[in-house]
Amino acid sequence: MISGMILFSRLLGFIREAITANLFDRAQTDPFFAAFIIPDFMYYLLVGGALSAAFIPLFSEYLAKEEEEEGWRMASTFLNLTILLLAVFSLLGMVFARQLAPLQAYKMKAGKLQLLVELTRMMFPAVFFTALAGLMGGVLNSYQKFFIPVFGPILYNIGIILGAWFLGPRYGIKGMAIGVVLGAIANFLTQATYVLKLTKGHDLFYINLKHPGFKRMLILMLPSLIGLSATQINIWVTTNMASALPEGSITYLRLAQRLVLLPIGIFATAVSTAFFPTLSQLTAKGKWVEFRENLSLGIRVILFITIPSAFGFISMRTEIVRLLYERGEFTPFQTKMTAYALFFYSLGLFAHGAIQILPRGFYALKDTVTPVKVTFTTVILSILLNLFFLKHTNLQHGGLALSFSLMGIANMLISIFLLKKKIGGIKGKQIFRTFMQSLFAAAGMGIIISLILPFWNKFLLGLGLTRNLFNLLQVIGGIGIGLIAYLLLALLLKMEEVKLLRKMLV
């Protein structure tokens, strides 16, 4: 269910990105995407750090021990303080947007920099509502309620699309920024409505800074916030480096990364979201065998899906980018540049999928320090690789995408090693077997796609289709060929994950 809703949300996200690329030129899209850096920094810091590392594990523990009232006292203290801090942060962001803009893209030219200032000021309120929506979603996830937290982002994307479509012709890219704010408000109101149904009998305005649960949450949260700060600093550094490259580089990286995030969001995030409250409750009850089995299963399922996704992107990168973006202001040259970035991003897709769940394994164990150490190590590696690729190779923006992939692989390997050491094993042989089997099956799938796709293209050309319909059927055919080939090869290899998939569907 979570995967289906995230799929719908991501498809809307692609429509949003396609509209952005088609209705507005790169002189507008580069500032628009850069304007998200600082608001996104705050969002991921709060939602990614506070929720994943501290709030959900502790709140789930209170629920598992049937101490709901104490859990809500902790939650109310945290939520009320967060609302106040977010309000102050948003106000300061709007007031000092001009001072913040150069930090988002220091090499941006004067005209584009002014637009960046205006867009930053307009979109800062969105982070207030989006972050609160994420907090509401954390409460719902702790109660094992997953539908509304993944439905809210759909409304967010619809708001942006409507803003671009109806306001864009009149106000330019600023019309899309208005849609961002309206979508964020709709997302928040949806989550808040359902959370209120769970709060009957609980004091929503309770604040007690000395509450033991709140103190524990701060202790758990602080290392995670530091780690996520490092991740966001890496994004900031990468965007700044891209601003020194030829115009459009920021947009090419953004669009390619969004494509790679599709299977990560649909499957890896869905698996992690569903498993996390369960992992937290298993640790609260001391069920370590079940904990290791669930964590190992989550990793294997993610690898089983993300590895063929990566090979699919590599095999059909140009066709996919052409279908989604090439129209209006988006030219064939820009398709080539985006596909170039997509190739390098795809190399680390499986690793970035796995690290959706690996840090949560530490968080469920109430260990938020180890993921921080891993993050800092790999972020430093990424920045050094960025500098190396830009100064000593001709990879251009492709080097920044490759750095992102190598960072993910390093993060995954270090996390698995340390987690295995911490809990006495995570069924590493099964994980490695799934990785190798998925790799062989996906490589075979890629070869089959490259052999059959030319015949499929020739068949479609003979039908005299319109350009858009040809591009659509070309990609659908390639995906269909790849899916059938991968599943058949996985069956031949007798992969356990195929049996699990069959049980889920039957």
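Quick one: with all protein chains in place, what share of the accessible area of segment 120-222 is carbon or sulfur, to the nearest percent (1.4 Å probe)? Before the final figure, lay out each step's value.
Details: 3380 of 4690 Å².
After summing per-atom areas, the C and S share lands at 72 percent.
Might you tell me the accessible area per residue for segment 184-331, computed with a 1.4 Å probe and given in Å²? Write out the running numbers ahead of the final one.
Numbers: 5930 Å² over 148 residues.
Accessible area per residue, segment 184-331: 40 Å².
In percent, rounded to a whole number, the relative contact order of the chain is 19, using alpha-carbon pairs under 8 Å and six or more apart.
The eigenvalues of the Cα gyration tensor, multiplied by 5 and square-rooted, give segment 375-492 an equivalent ellipsoid with semi-axes of 37, 25, 10 Å from largest to smallest.
Go through 72-85, 194-207, 128-141 and give me the packing order, highest mean Cβ count within 10 Å leading. Show your work: numbers first, answer last.
Details: 72-85: 18.7, 194-207: 12.6, 128-141: 24.4.
Highest mean packing first, the order is 128-141, 72-85, 194-207.
I need the Debye-formula profile for segment 69-206: one equal scatterer per C-alpha, no solvent, reported as log10 I(q)/I(0) at q = 0.16, 0.18 1/Å, two decimals. Calculated log10 I(q)/I(0) at the listed q: -0.89, -1.02. The gain in end-to-end length when the Phe96 to Trp288 segment is fully stretched comes to 64.2 nm, 0.36 nm per residue minus the alpha carbon separation.
Can you give me the % of accessible surface on segment 61-104 that is carbon or sulfur? Probe 1.4 Å, all protein chains present, nothing else counted. Please list the in-between numbers first.
Values: 1550 of 2270 Å².
So the carbon and sulfur contribution to the accessible surface is 68 percent.
To two decimal places, what compactness ratio does segment 262-418 give when its Cα radius of gyration is scaled by 2.2 N^0.38 Å?
Numbers: Rg = 17.9 Å, N = 157, 2.2 N^0.38 = 15.0 Å.
It is 1.19.
The charge dipole of the chain, taken about its Cα centre with unit charges on the Cβ of Lys, Arg, Asp and Glu (plus for the first two, minus for the last two), comes to roughly 660 debye.
According to the Cα-based calculation, Rg over Rh for segment 167-296 is 1.05, with Rh computed by the Kirkwood formula. Between Lys429 and Ile452, the modelled labels are 3.5 nm apart [label points 7 Å from Cα along Cα→Cβ].
With the alpha-carbon atoms as the only input, what is the per residue convex hull volume for the chain in Å³? Intermediate results must be reported in sequence, preceding the final value.
Working: hull volume 75.3 nm³, N = 506.
Taking the convex hull of the Cα positions in the chain, it is 149 Å³ per residue.
Per the Debye formula on identical point scatterers at the alpha carbon atoms of segment 326-426, with no solvent, log10 I(q)/I(0) at q = 0.13 Å⁻¹ is -0.56.
Based only on the alpha carbon positions, what is the Kirkwood hydrodynamic radius of segment 226-305, in angstrom? Intermediate results must be reported in sequence, preceding the final value.
Numbers: mean 1/r = 0.0652 Å⁻¹.
So the Kirkwood estimate lands at 15.3 Å.
Work out, step by step, the length gained on full extension between Val369 and Leu439: first 0.36 nm times the residue separation, then minus their alpha carbon distance; give nm to one decimal. Intermediate results must be reported in sequence, preceding the final value.
Numbers: separation 70, 0.36 × 70 = 25.20 nm, distance 3.20 nm.
This chain segment gains 22.0 nm when fully extended.
In the chain, the DSSP-assigned H stretches of four residues or longer account for a calculated mean residue ellipticity at 222 nm of -27500 deg cm²/dmol, using -39500 (n - 2.57) per stretch and the full residue count as denominator.
Taking packing as the residue-averaged number of other Cβ atoms within 10 angstrom, the listed peptides 243-252, 463-472, 479-488, 267-276 run from highest to lowest as 267-276, 243-252, 479-488, 463-472.
Put a dot 7 Å past the Cα of Met1, heading toward its Cβ, do the same for His392, and the two dots end up 5.2 nm apart.
The tail of the calculated P(r) for segment 378-427 beyond 18 Å holds 41 percent of all Cα-Cα pairs. When each of the peptides 423-434, 182-193 is scored by the mean number of other C-beta atoms lying within 10 Å of its residues, the order from highest to lowest reads 182-193, 423-434.
The values are calculated or read from the model by the stated rules, or taken from the named source; none is laboratory data. Remember, it's a predicted structure, so these values are computed and weren't measured experimentally. FYI the Cβ positions are ideal-geometry reconstructions off the backbone, even for glycines, and counts take in every protein chain you see. Heads up: the accessible areas ignore ligands, DNA and RNA and are worked out on the full protein's heavy atoms, side chains in. Shrake-Rupley method; radii C 1.70, N 1.55, O 1.52, S 1.80 Å.
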